[in-house]
Amino acid sequence: MELKFLDLHANNITSEGFVQLMVCLKTNNKVKDLNLSRNNIASDIKLFKRVHTFLNHNKILENLNLSFCNITEKAACMIGTGLRGNRNLQVLNLKGNIVGSGLKEIAKSFVTNTKALCIKELDLSKNQIESEHVTQDCIDMITSEFCTLKTLSFRDNFIKH
């Protein structure tokens with residue numbers, strides 16, 4: 001039996017538990033779909049920074065749901081830099097966090113990932129993103145020759161123009 005989908009939705013997982021999970025998944029070559037929504041995984045930013053290495057080196061995970069996980073702007077920046085070396089992730093759900101200015105690093109990952117970031121769906125809805133957060137990096141993300149996005153959601157943010 002192969003475990004391909006791991007659903008840990010709403011289990012009150014903290015940064016410490018998230019780090020332990022990343023260690024386990026580092027050697028796992030089966031889980032392709034991970035749902036960590038509605039957990040508090042970014043509660044300790046010092047521990048959460050390990051997400052960068054995890055995303056950069058993971059070769060299996062295709063779908064990552066981090067919706068409503070209290071991901072702050074700093075944590076979003078760490079996710080963005082981690083995506084720069086990722087080739088396999090196809091769906092990233094960050095809905096209901098506080099990404100804000102961290103959007104810049106996420107957008108940069110689409111432009112600077114020369115290994116061809118494969119994300120087809122990116123959900124950034126309900127992230128308190130304001131007009132000033134939508135910078136040239138966001139435009140470059142959408143127009144980049146390396147961009148593989150098919151669905152990009154900015155619903156329920158504060159983008160006025």
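Tabulated data for the structure shown
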| read-out | value |
| --- | --- |
| Criterion: modelled with pLDDT of 95 or more, within 25 Å of ASN40 (Cβ to Cβ) and in contact with a Cys (Cβ under 8 Å, 6 or more places away or on another chain) - qualifying residue of ASN127, ASN93, ASN97 | ASN97 |
| Residue identified as among the basic types (Lys, Arg) and under 16 Å from the mean Cα position of the chain (by Cα) among LYS4, LYS46, LYS32 | LYS32 |
| Selection status of GLY96, closer than 19 Å to HIS52 by Cα, out of contact with any strand residue (DSSP E or B) (no Cβ under 6 Å at 6 or more places or on another chain) and not hydrophobic (A, V, I, L, M, F, W, C) | no |
| Tally, over region 143-156, of residues that are surrounded by fewer than 12 Cβ atoms within 10 Å (Cβ to Cβ) and either closer than 12 Å to LEU103 by Cβ or at pLDDT 90 or above (or both) | 3 |
| Residue list for region 114-124, restricted to those being on the phi < 0 side of the Ramachandran plot and at pLDDT below 90 | THR114, LYS115, LEU117, CYS118 |
| Selected residue (only one of ILE119, ILE129 is hydrophobic (A, V, I, L, M, F, W, C), crowded, with 19+ Cβ neighbours inside 10 Å and in contact with a Gly (Cβ under 7 Å, 6 or more places away or on another chain)) | ILE129 |
| Only one of LYS59, LYS26, LYS95 that is surrounded by fewer than 19 Cβ atoms within 10 Å (Cβ to Cβ), farther than 18 Å from THR148 by Cα and among the basic types (Lys, Arg) | LYS26 |
| Given (1) surrounded by 20 or more Cβ atoms within 10 Å (Cβ to Cβ); (2) among the β-branched types (Val, Ile, Thr); (3) in a loop (DSSP other than H, G, I, E, B), index of the condition ILE106 fails | (3) |
| Region 70-90: number of residues that are farther than 18 Å from ILE41 by Cα, in contact with a helix residue (DSSP H, G or I) (Cβ under 7 Å, 6 or more places away or on another chain) and among the basic types (Lys, Arg) | 1 |
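So that you can scan it fast, the table gives a plain yes or no per residue for (1) at pLDDT below 90; (2) within 21 Å of GLY85 (Cα to Cα); (3) touching a Ser or Thr at 6+ places or on another chain (Cβ under 7 Å):
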| residue | (1), (2), (3) |
| --- | --- |
| ILE13 | no, no, no |
| GLU16 | no, no, no |
| ASN28 | yes, yes, no |
| LEU34 | no, yes, no |
| ASN39 | no, no, no |
| LYS49 | yes, yes, no |
| ASN58 | yes, yes, no |
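The values are calculated or read from the model by the stated rules, or taken from the named source; none is laboratory data. These numbers come from a predicted model, not from an experiment. Cβ sites come from the backbone with ideal geometry, for glycine too, and all protein chains shown count toward neighbours.
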